[in-house]
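The values are calculated or read from the model by the stated rules, or taken from the named source; none is laboratory data. All values derive from a computational prediction rather than experimental measurement. All Cβ positions, even for glycine, are placed from backbone atoms using ideal geometry, and neighbour counts span all protein chains on display. The accessibility values were calculated without ligands, DNA or RNA, using every heavy atom of the protein model including side chains. Shrake-Rupley method; radii C 1.70, N 1.55, O 1.52, S 1.80 Å.
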Amino acid sequence: MYGGGFIFEENTTKKTVVEQHDDPELLALFEAKIDRGEKIEPHDWMPTEYRRQLLRMIEQHAHSEIIGALPEGTWITRSPTLKRKLALIAKVQDEVGHGQLLYAAAETLGKPREQMMNDLLTGKSKYSNVFNYPAKTWADIAVIGFLIDGAAIVNQLANAKGSYGPYARALKRICVEESFHLKQGHEAFVYLATGTPKQREMLQDAMNRWYRPIIHFFGPPDVQSQHTDKLMRWKVKMASNDDMRNQFLDQYIPKIREVGITLPDPNLRKNPETGVWEFSDPDWDEFYRVIKGNGPCNAERLAVRLWAEEAGRWVKDALLKPSEKYVVPLA
Ligand code: FAQ
């Protein structure tokens, strides 16, 4: 039994979600605790909506890490040098490890991992838009490592100060590893930008293709965001989508431009009066199409994930349901 909100009850035949009503006194104590900057832990009381939204967000984040390993994973065998291959293998492995940490944090909210995996495979749960685009050339790996990891760090450093203990602690640990990925991505980006004309051209082409998905990465504009207000009040999100996007543009656009790479948007500029970056409409219809399952690689990503589940089932079975004949009897 968990502190409040809803729980996933499991019996031999089915799992059900049990709704509970929020007690106004408990809600006031809960919000006061958050206002004091204290962490909420798994067995503390929490409102139904807090549990639901937090679970949605952590679960989506966990799925993003394991699906996010796929575009880069396709380049392990095609890395240009042994050194780059070793670094990429380590990075991809780290991303999958982040998925493990995040699934464990999500499980503390009462949803079994098996069910989360099922919701990913059936398309019920979302994952980050950016991983539904192909990594066509080696330069895409530089852009992902530098700019998608960079974008993820902006989001995660902020949310690591959030109110839910298990998620905040997982993010803190993840950020340490992501900062290595960022260094690796930045070095690969600068290497190509300062390389031969062909290397620069390949990087510019990758930048042109990834610009829009990266703008989308931080979520819809605040006026369209469904969850931001409540999640900020409960310190699940520590900044709005537009503020995070602006912070990212502020940090990274100068670094991209300083190595002579351009951005494919003539209207991208920082307004000197407001300090806010302005850009052309990044086609939010495309964003919604992609997150609803109709991006260029959604079907492929889920097919690979399904294959991994099926091909690896014997390992899970061996670990979780060991045959009696292999069980060593206790003395
Ligand atoms: N992709 O109301 P909001 C990484 C959905 S980790 C897909 O503004 P919210 C590491 C949203 O779910 C990357 N869907 O949503 C790595 C909602 O739909 P729903 C992942 C998106 O949650 C690097 C609807 O739009 N990071 O990259 C996206 O308040 C390299 C309305 O939007 C996290 O998950 C999107 N980009 O704010 C790995 C961090 N944006 O569910 C490998 C945690 C929005 O109501 C290689 N998440 N939606 O049907 C968050 O901070 C938030 O969830 C936001 C979105 C900020 C992403």
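Tell me, Kirkwood radius of region 28-90 from alpha-carbon pair distances, in Å? Could the numbers behind the result be given before it?
On the way: mean 1/r = 0.0663 Å⁻¹.
Mean inverse Cα-Cα distance, inverted, gives 15.1 Å.
Considering only protein heavy atoms and a probe of 1.4 Å, how much of the accessible area of the chain is carbon and sulfur, as a whole percent?
On the way: 9780 of 17220 Å².
The computed percentage sits at 57.
Hey, what's region 49-309 come to in accessible area per residue, 1.4 Å probe, Å²? Can you show the working numbers first?
Details: 11650 Å² over 261 residues.
Per residue, region 49-309 has 45 Å² of solvent-accessible surface.
What translational diffusion coefficient, to the nearest whole µm²/s, does the chain have by Stokes-Einstein, given a Kirkwood radius computed over alpha-carbon pairs, a temperature of 37 °C and 0.692 mPa s viscosity? Spell out each step's value before the answer.
Working: Rh = 21.5 Å.
For the chosen part, D equals 153 µm²/s.
Given a Förster distance of 56 angstrom, what is the FRET efficiency for Glu31 paired with Thr77, based on the Cβ-Cβ distance and rounded to 0.05? Kindly include the intermediate steps, with their values, before the conclusion.
On the way: r = 51 Å, r/R0 = 0.92.
Given R0 = 56 Å and the Cβ-Cβ separation, E is 0.65.
Pop out the ³J(HN,Hα) list for region 280-296 in order, Karplus 6.51 cos²θ - 1.76 cosθ + 1.60 with θ = phi - 60°, rounded to Hz; leave Gly and Pro as x.
So the Karplus estimates, Gly and Pro as x, are 5, 4, x, 6, 5, 5, 4, 4, 5, 4, 5, 6, 8, x, 10, x, x Hz.
Amide H of Ser128: which non-local residues (sequence gap of 5 or more, or other chain) have their own amide H closer than 5 Å, using H built in the peptide plane?
Excluding prolines and chain starts, which carry no amide H, the hits are Ser64.
Can you show me the helix-derived [θ] at 222 nm for the chain, built from DSSP H runs with n ≥ 4 at -39,500 (n - 2.57) apiece and divided by the number of residues, rounded to the nearest 500. Don't skip to the end; give the middle numbers.
Numbers: 13 runs with 192 residues, N = 331.
Helices in the chain give a 222 nm mean residue ellipticity of -19000 deg cm²/dmol.
Using alpha carbons only, how many degrees (0 to 90, rounded to 10) separate the axis of helix 149-159 from the longest principal axis of the chain?
Orientation of helix 149-159: about 40 degrees from the principal axis.
Mind ranking 42-54, 253-265 by how tightly packed they are, going by the mean number of other C-beta atoms within 10 angstrom, highest first? Write out the running numbers ahead of the final one.
Values: 42-54: 18.9, 253-265: 14.3.
The densest-packed peptide leads the list: 42-54, 253-265.
Which angle between 0 and 90 degrees, to the nearest 10, do you get for helix 241-258 versus the longest principal axis of the chain when only C-alpha atoms count?
Approximately 30 degrees, to the nearest ten.
In sequence order, what are the phi-derived ³J(HN,Hα) couplings for region 134-139 according to the Karplus relation 6.51 cos²θ - 1.76 cosθ + 1.60 with θ = phi - 60°, rounded to whole Hz, with x for glycine and proline?
Result, rounded to whole Hz: x, 9, 7, 9, 4, 5.
Once the Cα atoms of helix 298-311 and of the chain are each reduced to a long axis, what angle between those two axes, in degrees from 0 to 90 to the nearest 10, is obtained?
Helix 298-311 sits at roughly 50 degrees to that axis.
Can you list the HN-Hα couplings for region 110-116, worked out from phi with the Karplus curve (6.51, -1.76, 1.60; θ = phi - 60°), rounded to whole Hz and with x for Gly and Pro?
For region 110-116, the Karplus curve yields x, 9, x, 4, 4, 5, 5 Hz.
Output the relative contact order of the chain, whole-number percent, from Cα pairs under 8 angstrom with separation of 6+ residues. Please report the intermediate quantities before stating the final value.
On the way: 389 pairs, mean separation 56.4, N = 331.
So the answer I get is 17 percent.
Multiply the residue separation of Ala318 and Arg257 by 0.36 nm, subtract the distance between their alpha-carbon atoms, and state the gained length in nm to one decimal. Don't skip to the answer; put the middle values down first.
On the way: separation 61, 0.36 × 61 = 21.96 nm, distance 5.20 nm.
Gain on extension, Ala318 to Arg257, equals 16.8 nm.
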